[in-house]
Amino acid sequence: MKNIKTKLGQAEFRNPVLGASGCTGYAYELESYTDLSRYGAVTLKTVTYTPRHGNHPERIAEVPAGIISSIGLQNPGPDVFFDDTMPKVIDALDRDQIIVSVAGDTIEEYVELCCRTSQRYGEKIAALEINAACPNVRFGVGYFSRDPQAAFDLIETVKSAVSLPVFFKFNTNFENYLEVASAIDEAGVDALYTSNTPLGLKINIRTRRPAIGNVVGPICGPAIRPIGMLRVWNLYQKVKMPIIASGGVYTWEDALEYMLAGAAAVGVGSAQFVQPDVVKHIVDGLERYMERESLDSLTSLVGAAHR
Amino acid sequence: MLAKLIEFRSVTERDALYVFDCPELARAASPGQIVELKINDCLDPFLRRPLSIFDVEGDTFSLLVRTVGRGTEYMTRWKPGVEVDVLGPLGKGFSWSEKEETFALVGGGVGMASLNFLARRLLEQGKQVHLLFSPKRDSQLLNALPQPERMDISFAENRTALPAALNALLAKGIDRVFCCGPDGLMEIVAKTSMANNIPCQLSMERHMACGIGICLGCAIAIRTEQGLTYKKACKDGPVFEAEEVSFHEEH
Ligand SMILES: Cc1cc2nc3c(=O)[nH]c(=O)nc-3n(C[C@H](O)[C@H](O)[C@H](O)COP(=O)(O)OP(=O)(O)OC[C@H]3O[C@@H](n4cnc5c(N)ncnc54)[C@H](O)[C@@H]3O)c2cc1C
Ligand SMILES: Cc1cc2nc3c(=O)[nH]c(=O)nc-3n(C[C@H](O)[C@H](O)[C@H](O)COP(=O)(O)O)c2cc1C
Ligand code: FES
C-alpha cells in the first residue's frame, strides 16, 4: 500500500509537505481556502519571548518569481499566543500537524519558551521548532545560525529541558553553514530545517528609495529555489539528521526535486500567498506520482540523486 | 475561483473598467471589500493584485483599474471571455447605521473605485449620497459611474482646496463620511471630519502579499486602547475608523 507518512526523528507526519512559519499564519486563517487536513504539518508564526510590533512598512517588495520581505517577527508574545491563539489552532489542526516555532535573544529565553510550550501544550503538538535565523540584539542577526558553538549549546540546553521532538531552523546564508550544520547534527535534533533565503534589495524607482522599510530583506519564492537546492545537496552530504528544505517550493515537482537532493520533507512558504491551497495540490501531485511510479513510499527517493 | 471577463471599457487614457461574471463572489460582496487577482499563470508577476470592488450587479462584479505598472498593464490586454483566477471578497468593508440618512463620499483619484459600490447600496436604502471628488483634473474618471444622476457631485480643485470644499459639504448636515484615496488626501479628510465631530471611515491601501491575513505584510499603524499597534490592512481593514489610523507615528 502506498504510504506517504514521513518520519523526522521522533516526530511522524501524515505527509512530507509542511506549511512554513510566517507564511501559513496560524493555519485557521486558511480554513475557508483549503483542506487543512492535507497539510503534513504547519509551523505556526514564530512566537518570541516578548511581543514584537514588527518592522516599519513597507514590508513586502515583489521581485521576479518571489518577494523580498521584512516582517520583523511581528507576534503578540507568549501570553496571548498561549491563551488566545493556541486554542484556535488546536480546533483547526490535529495534534500531529502542529509545530510551534519559538525565538529568543538568549539561550535562556529559548529554553523558557520551549518549557512553557511543552508544559501547556506538550500533549497537543507534534514538535517544537527553534527559529535560529532571527534578529539577536546582543550578537546580531542570525547569531545561532552562524556560530557553531552557540548553535550546539542552544540545542543541548533545549533538548535536556524538553522531551518533545525539536527541529532547528537555520539560515544557510553564512559561509560556514556546513560547519554550523555539523555542530547541530552533533548536538542532536530531530530535523534540520533550512530557510535558504539570501538577502536582496529592491529600489522603488518612483520614490528613489529602497522599496522596503528595512532596506534589505531575505528573498523567497521560486526565484531562489536553485540556491536552496545546492545548499540542501551539500547539507545532505554533510549531516545525518533529516533535512526539511524550504525556499521556493510551488509545485509537487519542486518538492520532489528537493527530496532527490536530500530533503526528507519540504516547507512551503510564500507560494501560499499566491495560491492558498497550494499545499493540497503538492500533496495530491506527490500521491499521483507515487501511483504512477508504483512507489510504496517516498523514503527511497530522499537523496537518490546522490547515488 | 475563476471569474470570466465579460466587458472591458476604457474610461480614461489610463483607467479601465473590467466587468466579470462570477456569481459566488458577486453575491457575497459588500462595499469596501477587495479582490485579489492573479495576473497570469506564470511566476512573474508573482503576487496577486489587490483591487477594490467597484460595483456589483446581479451575478457580475466590476473593477476600476488604473494602469500604473506591469501587472495593470498586462490586464489591459485581457479580452472578454478570458477566465481570471480571483480570491474574494476579502476584508472588512464600510459600515453605517440605519438611522443615518446623509452621507459624504470623498474620492481621491482612482480611490473612487471603492466608493461606487457603497453609493449603490446607500441609494438602494433610500439614503442621500454626496460625492466629493478630488482632484478636478481627474474628473473624467466619473464617466465610470453607472448612476451619477442619483448623487450630488462636487469637486475640489486639488488637495489645498479640499478642506474648504469638505467643510462646505459637511455644513449641509452629513451623518457620516467615507473616504478612499491617497494617504495625504485621507489624512485631510480624517482631520476635517473629526474637527466637525462627524464619524468618518477610511479605506486604506498597503502593499499586500497574501490579502488573506497570513503574511503580516500589509501592516498599518492603528491606535488602540493598548497603544499603537500594527493591524492587517487586508483582514482587519481595508476600512478603518478615521480616529484609529495613525498616519505618521510608527513603532
Ligand atoms: C486595498 C487596496 C485596494 C486597491 N484598489 C484599487 C482599485 O480599485 N483600483 C486601482 O487601480 N488600484 C487599486 N489598488 C492599487 C493596486 O493594487 C496597484 O496599483 C497594483 O497592484 C499595481 O500593480 P502593477 O503590477 O501594475 O504595478 P507594479 O509594477 O507592481 O508597481 C508599479 C508602481 O505602483 C506602486 N504600487 C504597487 N502596488 C501599490 C499599492 N497597493 N499602493 C500604492 N502603490 C502601489 C509600486 O510601488 C510601483 O511604484 C488597490 C490597492 C490596495 C492595497
Ligand atoms: C512574510 C514572511 C514571513 C516569514 N516569517 C517567518 C517566521 O516568523 N519564522 C520563520 O522561521 N520563518 C519565517 N519566514 C521564512 C519562511 O518560513 C520560509 O523559510 C522562506 O520564506 C522560504 O520559503 P519560500 O521560498 O517557500 O517562501 C517568513 C517568510 C516570509 C516571506
Ligand atoms: S496581505 Fe498578507 S496579511 Fe495582509
query = Does region A:260-279 hold any residues that are closer than 13 Å to A:Y193 by Cα and away from ligand 2 (no atom under 13 Å from the Cβ), and which are they?
reply = A:G262, A:A264
request  = Could you tell me whether region A:275-288 includes any residue that is surrounded by 17 or more Cβ atoms within 10 Å (Cβ to Cβ), within 16 Å of ligand 1 (Cβ to nearest atom), under 16 Å from the mean Cα position of the chain (by Cα) and of a type outside the set (S, T, N, Q)?
outcome  = no
ask   = Identify, please: which residue in region A:195-216 is open to solvent by less than 40 Å² (accessible area, probe 1.4 Å) and more than 21 Å from the chain's Cα centre (by Cα) and is, among those, farthest from ligand 3 (Cβ to nearest atom)?
value = A:P210
key: Single condition B:G32 does not satisfy, out of (1) at pLDDT below 95; (2) within 17 Å of the chain's Cα centre (by Cα)   = (1)
ask   = If you take the residues of region B:71-123 that are in a loop (DSSP other than H, G, I, E, B) and within 16 Å of ligand 3 (Cβ to nearest atom), which of them is nearest to the other protein chains (Cβ to nearest Cβ)?
value = B:G91
note = Restricted to region B:139-160 and to residues being touching a residue at least 60 places away in the same chain (Cβ under 8 Å) and assigned to a helix (DSSP H, G or I), the residue surrounded by the fewest Cβ atoms within 10 Å (Cβ to Cβ) is B:Q140
Flag if B:M75 is surrounded by fewer than 23 Cβ atoms within 10 Å (Cβ to Cβ) and within 20 Å of the chain's Cα centre (by Cα) = yes
query = Do we find that B:I212 is at pLDDT 95 or above and away from ligand 1 (no atom under 11 Å from the Cβ) in this structure?
reply = yes
task = Give me a count of the residues in region A:16-33 that are more than 7 Å from every other protein chain (Cβ to nearest Cβ), open to solvent by less than 20 Å² (accessible area, probe 1.4 Å) and farther than 22 Å from A:A103 by Cα.
result = 2
query = Assuming B:R206 fulfils every condition listed in (1) within 14 Å of chain A (Cβ to nearest Cβ); (2) under 25 Å from B:L122 (Cα atoms) apart from one, which condition is it?
reply = (2)
ask   = For region B:190-227, how many residues are in a loop (DSSP other than H, G, I, E, B) and within 16 Å of ligand 2 (Cβ to nearest atom)?
value = 13
ask   = How many residues are at the interface with another protein chain (Cβ under 7 Å from one of its Cβ atoms), in contact (Cβ under 8 Å) with a residue 24 or more places away in the chain and surrounded by fewer than 24 Cβ atoms within 10 Å (Cβ to Cβ) if we restrict to region A:41-61?
value = 3
task = Give region A:62-92 a look and list any residue that's open to solvent by 10 Å² or more (accessible area, probe 1.4 Å), under 19 Å from the mean Cα position of the chain (by Cα) and within 8 Å of chain B (Cβ to nearest Cβ), or say none.
result = A:S69, A:I71, A:Q74
ask   = Which condition number does B:P45 fail, the rest of (1) part of a loop (DSSP other than H, G, I, E, B); (2) within 14 Å of chain A (Cβ to nearest Cβ); (3) open to solvent by 30 Å² or more (accessible area, probe 1.4 Å) being met?
value = (3)
Residues of region A:106-134 classified as assigned to a loop (DSSP other than H, G, I, E, B) and either in contact (Cβ under 8 Å) with a residue 60 or more places away in the chain or of a type in the set (K, R) (or both), total = 3
inquiry  = What pairs come out if I take residues in region B:46-66 that are free of Cβ contacts under 8 Å to residues at least 60 places away in the same chain and pair them with residues that are within 16 Å of ligand 2 (Cβ to nearest atom) and of a type in the set (V, I, T) whose C-beta lies under 8 Å away, six or more apart or interchain?
reply    = B:F46/A:V63; B:F46/A:I67; B:F46/A:V274
inquiry  = Checking the conditions here, which among A:V266, A:V279 is part of a helix (DSSP H, G or I), more than 11 Å from chain B (Cβ to nearest Cβ) and touching a strand residue (DSSP E or B) at 6+ places or on another chain (Cβ under 6 Å)?
reply    = A:V279
key: Cβ pairs under 8 Å, 6+ apart, first in region B:22-36 and more than 18 Å from B:G111 (Cβ to Cβ) and in the same structural domain as B:G111 (by TED's automatic domain parsing), second within 16 Å of ligand 3 (Cβ to nearest atom) and at pLDDT 95 or above   = none
query = How many residues are open to solvent by 10 Å² or more (accessible area, probe 1.4 Å) and closer than 20 Å to B:D138 by Cα when one looks only at region B:182-202?
reply = 5
key: Test result for B:V68, open to solvent by 10 Å² or more (accessible area, probe 1.4 Å) and not in a strand (DSSP E or B)   = yes
request  = Determine whether B:G126 is over 13 Å from B:S30 (Cβ atoms) and open to solvent by less than 10 Å² (accessible area, probe 1.4 Å).
outcome  = no
message = So if I check each of B:T76, B:T102, which one is farther than 27 Å from B:R14 by Cβ and at pLDDT 95 or above?
response = B:T102
key: Pick from region B:228-246, criterion at pLDDT below 95 and within 10 Å of chain A (Cβ to nearest Cβ), ranking: nearest to ligand 2 (Cβ to nearest atom)   = B:Y230
Number of positions in region A:168-203 that are more than 19 Å from A:A127 (Cα to Cα) and touching a residue at least 12 places away in the same chain (Cβ under 8 Å) = 20
note = A careful count of residues in region A:217-242 that are open to solvent by 30 Å² or more (accessible area, probe 1.4 Å), out of contact with any Ser or Thr (no Cβ under 8 Å at 6 or more places or on another chain), away from ligand 2 (no atom under 11 Å from the Cβ) and away from chain B (no Cβ under 14 Å) gives 8
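The values are calculated or read from the model by the stated rules, or taken from the named source; none is laboratory data. These numbers come from a predicted model, not from an experiment. Every residue, glycine as well, gets a Cβ built from its backbone with ideal geometry; the counts of neighbours run over all protein chains shown. In case anyone asks, the SASA skips ligands and DNA or RNA and just uses the protein heavy atoms, side chains included. Shrake-Rupley method; radii C 1.70, N 1.55, O 1.52, S 1.80 Å.
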